[in-house]
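Asker: For reference, the structure I am asking about is given below.
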Amino acid sequence: MKLKTTLNGRSFAFRDIKDVLAKANEPKSADRFQGIAAETMTERVAAKIVLSELTVGDLVENPTIPYEKDEVTRVNIDGLNRTAYEAVKHKTIGELREWILDHKTTSDDLRRSHTAFTGEVAAGVAKLMSAMDLVYAARKIHTVTTCNTTIGLPGTLSYRCQTNSSTDDPETIVLGLMEGVSYGSGDACLGINPVEDNIDSTRRIADAVYRFMSLNDIPTQITVLSHITTQMQAMQAGAPLSMLFQSIAGTQAANDNFGVGRQLLTEAYDLARQRALSTGPNLLYFETGQGSEVSIGADCGVDEMTLEARTYGFARYFRPFMVNNVSGFIGPETLYDGKEMIRANLEDHFMGKLLGLPMGMAPCYTNHTSITQDDQEMATMLLNAAGANYYMGVPVGDDVMLSYQDTSFHDDAALRELSGRTPAPEFHRWMMRKGLMDERGVLTELAGDGSIFLK
């Protein structure tokens, strides 16, 4: 395994694969904060050259955190299909990039390879790609999942309707859902972030959302994003949840901090299979984002992009209905500006899809960064071109409880029109029955009038 090269008459040697992956990463503030980023553009290019000559087997057999020390590593490697892996392990990362981008490589080819790679491999190949490469490659890959509705089908674009309340007021939440659903947002789920993480609040919100959904016969699924153990207790007490949610990360140390691991998620899936109000088989919802590990000191010296890809290798094991990426949510200590945020979102979307995940994207930002609304919209449109499964739907794009900026109901409608995509089939048929949308997926004059649900 060669870890050195000569460039412009200068020799560059890297300590290990972890060092190569960090130095080959595009500029990110978290990597600079950790002191692991390339010091010059020339060093970054040298690292990319070394990375391009390493094999898939090199990255799988030399994980950035040892197998015996980290559960995320173990789940990544244990989740490999050995036959698929053996077929590609001698490819260099450069050759893998060329194969993925080759126009003769089909969506079916890529789907069959989902379990041939670990997170390190997905990160490695993404580090060798340009923005257009990441869009082109991701667009080839379709991952279709079903809870109550089916998302990810070619030609469809879905949304989570997120109408949070700063006081967990069910009436406020439902009034927001009325507006959002009338705009066509909510076929991915009606998902509410509670202020209070307890069983009573989780059940009170779930009950109110379920009443609204049932009264109007809306084909979708419900989730309340308290901690997964809180949701499990609420579900056991009768809360009408369709699936269970949890934030996850790319190291065992970070997941321990989140209070989650493989055993708990396995138990959660088993409970959802028995009690969730859904047809399944995909019953879990994960949220991720570059920088979560470094923000809590649980990065183990690995760059944030590679850690994000490892998170996807962990998520893949549980066959989730949704994976939602929120790179940009933490702040400038992880992604400093719009350029870093856009790049991170394109990387994450591609890496998740390469590993077989149903990737939804929230190219979001907080007001203490230098990221602008234009940056956010550029990321959203690029990801739409890349075929993201779904986005958020937030009233006027400003979440009053979480204090961050995301896609609005109006953005949701515009993205569907720009790409000629329609909602999930079940939800689309319901929208047409209500007179809110035509067969092309374009909203009617009635759309946006949430008062129709009060009549």
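Asker: Restricting attention to segment 315-327, report how many residues are more than 12 Å from G360 (Cα to Cα), within 12 Å of the chain's Cα centre (by Cα) and not hydrophobic (A, V, I, L, M, F, W, C).
Answerer: The number of residues fulfilling the criteria is 1.
Asker: Keeping to segment 31-52, report how many residues are among the hydrophobic types (A, V, I, L, M, F, W, C) and within 23 Å of S292 (Cα to Cα).
Answerer: 4
Asker: Can you pull out the residues in segment 417-437 that are among the charged types (D, E, K, R), out of contact with any strand residue (DSSP E or B) (no Cβ under 8 Å at 6 or more places or on another chain) and not in a helix (DSSP H, G or I)?
Answerer: Residue satisfying the conditions is K434 alone.
Asker: Those residues that are among the hydroxyl-bearing types (S, T, Y) and surrounded by fewer than 23 Cβ atoms within 10 Å (Cβ to Cβ), I need them from segment 246-266; list them, please.
Answerer: Selection gives S247, T266.
Asker: Here is a follow-up. The conditions are (1) within 23 Å of K140 (Cβ to Cβ); (2) of a type in the set (D, E, K, R); (3) open to solvent by 60 Å² or more (accessible area, probe 1.4 Å), and E61 fails exactly one of them. Which is it?
Answerer: Checking E61 against (1) within 23 Å of K140 (Cβ to Cβ); (2) of a type in the set (D, E, K, R); (3) open to solvent by 60 Å² or more (accessible area, probe 1.4 Å), the one that fails is (1).
Asker: Right, another one. If you go through segment 75-114 one residue at a time, how many are in contact (Cβ under 8 Å) with a residue 60 or more places away in the chain and surrounded by fewer than 18 Cβ atoms within 10 Å (Cβ to Cβ)?
Answerer: Counting residues in segment 75-114 that are in contact (Cβ under 8 Å) with a residue 60 or more places away in the chain and surrounded by fewer than 18 Cβ atoms within 10 Å (Cβ to Cβ) gives 2.
Per-residue answers, yes or no, for (1) hydroxyl-bearing (S, T, Y); (2) touching a strand residue (DSSP E or B) at 6+ places or on another chain (Cβ under 8 Å):
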site	(1), (2)
L3	no, yes
R10	no, no
L21	no, no
V50	no, yes
L54	no, yes
G57	no, no
T64	yes, no
K69	no, no
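Asker: For segment 439-455, which positions are in a loop (DSSP other than H, G, I, E, B) and more than 29 Å from the chain's Cα centre (by Cα)?
Answerer: T444, E445, L446, D449, K455
Asker: Let me ask something else. Can you tell me which residue is surrounded by the fewest Cβ atoms within 10 Å (Cβ to Cβ) among those in segment 267-301 that are over 20 Å from K353 (Cβ atoms) and of a type in the set (D, E)?
Answerer: Top of the filtered list is D270.
Asker: Does any residue of segment 257-268 turn out to be without any contact (Cβ under 8 Å) to a residue 60 or more places away in the chain, in a loop (DSSP other than H, G, I, E, B) and more than 18 Å from A298 (Cβ to Cβ)?
Answerer: no
Asker: Among the residues of segment 209-231, write down those that are closer than 21 Å to T146 by Cβ, hydroxyl-bearing (S, T, Y), touching a Leu at 6+ places or on another chain (Cβ under 8 Å) and not in a strand (DSSP E or B).
Answerer: Y210, T220, listed by residue number.
Asker: Kindly indicate whether any position in segment 47-58 is among the β-branched types (V, I, T) and open to solvent by 10 Å² or more (accessible area, probe 1.4 Å).
Answerer: yes
Asker: I've got another one for you. Only one residue in G186, G155 is within 16 Å of A424 (Cβ to Cβ), within 24 Å of the chain's Cα centre (by Cα) and surrounded by fewer than 24 Cβ atoms within 10 Å (Cβ to Cβ). Which one?
Answerer: Just a single option satisfies the conditions, and that option is G155.
Asker: Could you list all residues from segment 186-207 that are in contact (Cβ under 8 Å) with a residue 12 or more places away in the chain and acidic (D, E)?
Answerer: Answer for segment 186-207, where residues must be in contact (Cβ under 8 Å) with a residue 12 or more places away in the chain and acidic (D, E): D187, E196, D197, D207.
Asker: Still on this model: When the residues of segment 1-43 are narrowed to those that are more than 24 Å from R310 (Cβ to Cβ), outside any strand (DSSP E or B) and of a type outside the set (V, I, T), which ends up most open to solvent (accessible area, probe 1.4 Å)?
Answerer: E39
Asker: As an exercise: evaluate V442 against (1) touching a residue at least 40 places away in the same chain (Cβ under 8 Å); (2) touching a helix residue (DSSP H, G or I) at 6+ places or on another chain (Cβ under 7 Å); (3) open to solvent by less than 40 Å² (accessible area, probe 1.4 Å) and give the number of the one condition it does not meet.
Answerer: It is condition (1) that V442 fails.
Asker: Kindly provide the set of residues from segment 194-245 that are open to solvent by 50 Å² or more (accessible area, probe 1.4 Å) and of a type in the set (F, W, Y), ordered by number.
Answerer: Y210
Asker: Kindly establish whether V144 is surrounded by 16 or more Cβ atoms within 10 Å (Cβ to Cβ), modelled with pLDDT of 95 or more and of a type in the set (V, I, T).
Answerer: no
The values are calculated or read from the model by the stated rules, or taken from the named source; none is laboratory data. None of these values were measured; they are calculated from a predicted model. Ideal geometry is used to build each Cβ from the backbone, glycine not excepted, and the neighbour counts take in all protein chains shown. For the accessible areas, the whole protein counts, side chains as well, though only heavy atoms, and no ligand, DNA or RNA atoms are used. Shrake-Rupley method; radii C 1.70, N 1.55, O 1.52, S 1.80 Å.
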